[in-house]
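Report on the following structure.
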Amino acid sequence: MKISKTGLLSAKALIHLASLSTFLYLWLLVEQNALGADPVKEMIHFLGKTALNYLLITLCISPLARRFKQPLLIQLRRVLGLYCFFWACLHLLVFIWLDLNWEVTLFAEEVVKRPYMTLGALTWVILLALSITSINVIRRRMKRAWLTLHRTIYWAVLLATIHYYWSVKSGLIEPIIYFAICFTLLAQRKDYFKSFLKHYAKKKSV
Ligand code: HEM
């Protein structure tokens with residue numbers, strides 16, 4: 001049975017509801033001082049993890065649509081991807097605002113000095129480009145280049161997972177589980193990576 005347009009709308013409504021509830025949940029934790037001894041760090045962790053979760057869910061959509069022959073599901077990618085960017089922006093905002101007190105020079109130094117932060121920044125830039133070009137007019141104008149650009153989401157998920165792994169000081173089980181999910185999702189795109197490597201090898205031999 002194919003998902004109807006109403007079914008798709010309900011799925012979108014559910015995504016909005018889940019995102020709003022997540023935001024309200026964090027707001028409540030802040031309001032009630034329930035974030036422990038270092039609330040800023042906890043907020044950064046919560047928002048980073050939420051952004052990564054949304055990124056992974058976004059990457060589940062195409063394989064699911066193909067597996068269950070539900071082409072309409074593809075339309076969920078944009079809303080999920082935009083929410084991922086929203087959480088990533090809040091993650092970055094809390095870090096710059098509440099952790100660094102708007103010390104932009106210190107922020108730039110940290111991004112250059114700490115490799116895990118460099119990877120986080122690269123991921124954020126990719127998400128920014130994907131979010132801007134998800135606007136329909138821009139998408140239409142970009143033609144085939146749009147698909148090439150939007151495939152960088154595969155690199156974004158890899159970079160974000162390494163950023164997470166690298167940022168963790170103890171308890172590696174969770175990041176390893178995230179790596180397993182990330183590689184399972186990227187394995188579905190092995191043709192892209194094969195042609196990417198072929199293209200890269202060809203360029204090097206010229
Ligand atoms: C300029 C961009 C970014 C900066 C400066 C940044 C910075 C940080 C910082 C300071 C931490 C905490 C490290 C610690 O505990 O000492 C962190 C953790 C994390 N970040 Fe980022 N980040 C960026 C982008 C991203 C993006 C785009 C994602 C996901 C899509 C992400 C996901 C995460 C995750 C999952 C964690 C670990 C959370 C946990 O330990 O529970 N970050 N990041």
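The values are calculated or read from the model by the stated rules, or taken from the named source; none is laboratory data. Computed from a predicted model, the values in this text were never measured in an experiment. FYI the Cβ positions are ideal-geometry reconstructions off the backbone, even for glycines, and counts take in every protein chain you see.
Tabulated data for the structure shown
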{"quantity": "Within the range 26-40, considering residues that are without any contact (Cβ under 8 Å) to a residue 40 or more places away in the chain and in contact with a helix residue (DSSP H, G or I) (Cβ under 9 Å, 6 or more places away or on another chain), the one nearest to LEU128 (Cα to Cα)", "calculated": "LEU26"}
{"quantity": "ARG77 basic (Lys, Arg), surrounded by 15 or more Cβ atoms within 10 Å (Cβ to Cβ) and without any contact (Cβ under 8 Å) to a residue 24 or more places away in the chain", "calculated": "yes"}
{"quantity": "Given (1) of a type in the set (A, V, I, L, M, F, W, C); (2) touching a His at 6+ places or on another chain (Cβ under 7 Å); (3) under 30 Å from ARG67 (Cα atoms), index of the condition ILE173 fails", "calculated": "(2)"}
{"quantity": "Check on PHE23, more than 16 Å from the ligand (Cβ to nearest atom), modelled with pLDDT of 95 or more and of a type in the set (Phe, Trp, Tyr)", "calculated": "yes"}
{"quantity": "The lone exception for LYS69 - which of (1) of a type in the set (Lys, Arg); (2) within 21 Å of LEU186 (Cβ to Cβ); (3) away from the ligand (no atom under 12 Å from the Cβ) it fails", "calculated": "(2)"}
{"quantity": "Residue in the range 149-172 that is within 9 Å of the ligand (Cβ to nearest atom), outside any loop (DSSP other than H, G, I, E, B), of a type in the set (D, E, K, R) and within 27 Å of VAL30 (Cβ to Cβ) present", "calculated": "no"}
{"quantity": "Hits in the range 166-179 (condition: exposed (fewer than 10 other Cβ atoms within 10 Å of the Cβ), of a type in the set (Gly, Ala, Ser) and closer than 22 Å to THR123 by Cβ)", "calculated": "GLY171"}
{"quantity": "Verdict on ARG141 being surrounded by 11 or more Cβ atoms within 10 Å (Cβ to Cβ), among the basic types (Lys, Arg) and closer than 26 Å to GLY48 by Cβ", "calculated": "no"}
{"quantity": "Selected residue (criterion: nearest to the chain's Cα centre (by Cα)) from residues of the range 61-93 that are aliphatic (A, V, I, L, M) and closer than 17 Å to THR123 by Cα", "calculated": "ALA88"}
{"quantity": "Flag if LEU47 is of a type in the set (A, V, I, L, M) and over 19 Å from the mean Cα position of the chain (by Cα)", "calculated": "no"}
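To keep it simple, each residue is scored yes or no on (1) exposed (fewer than 10 other Cβ atoms within 10 Å of the Cβ); (2) among the polar types (S, T, N, Q); (3) in contact with a Pro (Cβ under 7 Å, 6 or more places away or on another chain).
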{"residue": "ALA108", "(1), (2), (3)": "no, no, no"}
{"residue": "ASN136", "(1), (2), (3)": "yes, yes, no"}
{"residue": "ALA145", "(1), (2), (3)": "no, no, no"}
{"residue": "SER195", "(1), (2), (3)": "no, yes, no"}
